Amino acid sequence: GATPARRLIIERCRAAGFPTVRMRRLRYHPAIRQLVQTVRLDPGRWILPLFVHARSEHRVPISSMPGHDQLSLDALREEIEEVRRLGLGGVLLFGIPDHKDPLGSDATSEQGIICRAIRVIKEIAPELLVITDECFCEYTSHGHCGALGKAGAHDTVDNDQTLRMLGWQAVAHARAGADMVAPSGMMDGMVGAIRQALDQAGFTHVPIMSYSAKYASAFYGPFREAAESAPQFGDRRSYQMDPAAAAEQALREVELDLAEGADIVMVKPATSYLDIIRLVKERFPGVPVAAYNVSGEYSMVWAAAEKGWLDLQRVALEMLTAIHRAGADIIITYWAKQAVKWLKQ
Ligand code: PBG
């Protein structure tokens, strides 16, 4: 419905061969570009993953993840002193125990590495949001995400026994002072089981950020070195999602988690799954969506930058921008510390 006057202008421009509408007008001035931006990078929406070990070495560099170390409890203290000044949204803890067994008992023990780490953080930075990963792959001798099943390859992990263990783990973390728990094992019913266990133990206020749509991804490669959690046999395809499954399967996962009481839902990995992030955000408006910008997404940028093929800072910030633009409210990212420093420059 253009008015006659407008139609005349369009006619004249067309006759002269010039465009009436020019998208470049909104791009010519830096202040105009800033005016029309909708994605702003905000460290308060980023969560930094940390790896804590129970060994004596202070810091053990993770060779496949430059800038990240496995931390002893003392090194964790230093790290937290730095992190609290950066204004990040929180930290997400992963533990490397000194002892692994088939049931991953360190994970459910109040003397386990994660509970000790939570107490250390809460002692020096009580206001810093501490989120714990609820899973068993770092703690089990076989490296799977729960107790082993009996039914063979299609059932590597016993779902319902693992649900009980997840309840104990979450309660132990909450007792130690965790502010939020994040189940990542892709067990059916994990959110409901953890919600019930937390509520019965008096932690009705502790939210659950569920790894709702977590794919069986090769992008987790460097993490498995970092967390020493590679499966000793088989893979995780009988519980994590198939990247080639219909995108709508992610919506069913999210819907179930919300019905079981999830407060925040997560899509993981992030950059190869931007379509899933967008779909979840559109289908569940008002539900906070997190995205996990995983280890492989971080390490491959570093590797290319070390070869001089990419600009590390610009690529990293562009990825974070894209993940937010796709619909993520929260990003779990190994760039968190560096990105804050870049933004301050
Ligand atoms: C499971 C867990 C994994 C990651 C986070 N939680 C590994 C896996 O599923 O094998 C991967 C994170 C990353 O790659 O950065 N506890």
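Residues checked against (1) more than 17 Å from Leu50 (Cα to Cα); (2) of a type in the set (A, V, I, L, M); (3) out of contact with any Asp or Glu (no Cβ under 7 Å at 6 or more places or on another chain); (4) outside any helix (DSSP H, G or I):
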{"position": "Asp160", "(1), (2), (3), (4)": "yes, no, yes, no"}
{"position": "Leu163", "(1), (2), (3), (4)": "yes, yes, yes, no"}
{"position": "Ala170", "(1), (2), (3), (4)": "yes, yes, no, no"}
{"position": "His205", "(1), (2), (3), (4)": "yes, no, yes, yes"}
{"position": "Ser210", "(1), (2), (3), (4)": "yes, no, no, yes"}
{"position": "Ala213", "(1), (2), (3), (4)": "yes, yes, no, yes"}
Exercise for the section: Considering only segment 264-323, state which residues are within 16 Å of the ligand (Cβ to nearest atom), among the aromatic types (Phe, Trp, Tyr) and either under 22 Å from Met180 (Cα atoms) or buried (at least 23 other Cβ atoms within 10 Å of the Cβ) (or both). Expected result: Tyr273, Tyr292, Tyr298
Exercise for the section: Kindly establish whether Arg252 is within 16 Å of the ligand (Cβ to nearest atom) and of a type in the set (D, E, K, R). Expected result: no
Completion exercise
Those residues of segment 172-209 which are more than 16 Å from the chain's Cα centre (by Cα), buried (at least 19 other Cβ atoms within 10 Å of the Cβ), of a type in the set (Val, Ile, Thr) and under 14 Å from Glu260 (Cα atoms) amount to Val191, Ile194
Completion exercise
Of (1) modelled with pLDDT of 95 or more; (2) more than 21 Å from Ala290 (Cα to Cα); (3) within 16 Å of the ligand (Cβ to nearest atom), His144 satisfies every one except (1)
Exercise for the section: Output the residues belonging to segment 26-73 that are closer than 19 Å to Ile332 by Cα and among the basic types (Lys, Arg). Expected result: Arg40, Arg45
Exercise for the section: Answer with yes or no whether Asp101 is touching a residue at least 24 places away in the same chain (Cβ under 8 Å) and of a type in the set (D, E, K, R). Expected result: yes
Problem - Yes/no for Gly221 being surrounded by fewer than 21 Cβ atoms within 10 Å (Cβ to Cβ), at pLDDT 95 or above and within 26 Å of Asp101 (Cα to Cα) - result: yes
Exercise for the section: May I ask you to list pairs of residues, at least six apart or on different chains, whose Cβ atoms are under 7 Å apart, with the first in segment 253-268 being of a type in the set (Gly, Ala, Ser) and the second being in a strand (DSSP E or B) and buried (at least 24 other Cβ atoms within 10 Å of the Cβ)? Expected result: Ala262/Ser210; Ala262/Ser212
Handout entry: Options Gly202, Gly221, Gly192; residue that is at positive phi and not polar (S, T, N, Q)
Key = Gly202
Practice task
Considering (1) away from the ligand (no atom under 13 Å from the Cβ); (2) touching a helix residue (DSSP H, G or I) at 6+ places or on another chain (Cβ under 7 Å); (3) aromatic (Phe, Trp, Tyr), say which one Phe219 fails and leave the rest.
Solution key: (1)
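Would segment 220-228 turn up any residue that is part of a helix (DSSP H, G or I), closer than 30 Å to Pro285 by Cβ and not hydroxyl-bearing (Ser, Thr, Tyr)?
Start the filter on segment 220-228 by keeping residues that are part of a helix (DSSP H, G or I), which leaves 220-227.
Pick out the ones that are also closer than 30 Å to Pro285 by Cβ and you get 220.
Okay, now just the ones that are also not hydroxyl-bearing (Ser, Thr, Tyr), so none.
For segment 220-228, residues part of a helix (DSSP H, G or I), closer than 30 Å to Pro285 by Cβ and not hydroxyl-bearing (Ser, Thr, Tyr): absent.
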Exercise for the section: Kindly provide the set of residues from segment 84-111 that are in contact with a strand residue (DSSP E or B) (Cβ under 7 Å, 6 or more places away or on another chain), closer than 20 Å to Ile124 by Cβ and of a type in the set (Gly, Ala, Ser), ordered by number. Expected result: Gly89, Gly90, Gly95
Fill in the blank from the handout: Within segment 240-263, of all residues that are touching a strand residue (DSSP E or B) at 6+ places or on another chain (Cβ under 6 Å) and of a type in the set (A, V, I, L, M), the one surrounded by the fewest Cβ atoms within 10 Å (Cβ to Cβ) is Met241
Practice task
Could you check, for segment 91-100, whether at least one of its residues is away from the ligand (no atom under 16 Å from the Cβ) and among the aliphatic types (A, V, I, L, M)?
Solution key: no
Exercise for the section: Mind telling me which of the residues Gly185, Gly192 ends up being closer than 30 Å to Glu79 by Cα, of a type outside the set (A, V, I, L, M, F, W, C) and touching a Leu at 6+ places or on another chain (Cβ under 9 Å)? Expected result: Gly185
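The values are calculated or read from the model by the stated rules, or taken from the named source; none is laboratory data. Keep in mind it's a predicted model, so treat the numbers as computed, not measured. No Cβ is skipped: glycine too gets one built from the backbone with ideal geometry, and neighbour counts run over all protein chains shown.
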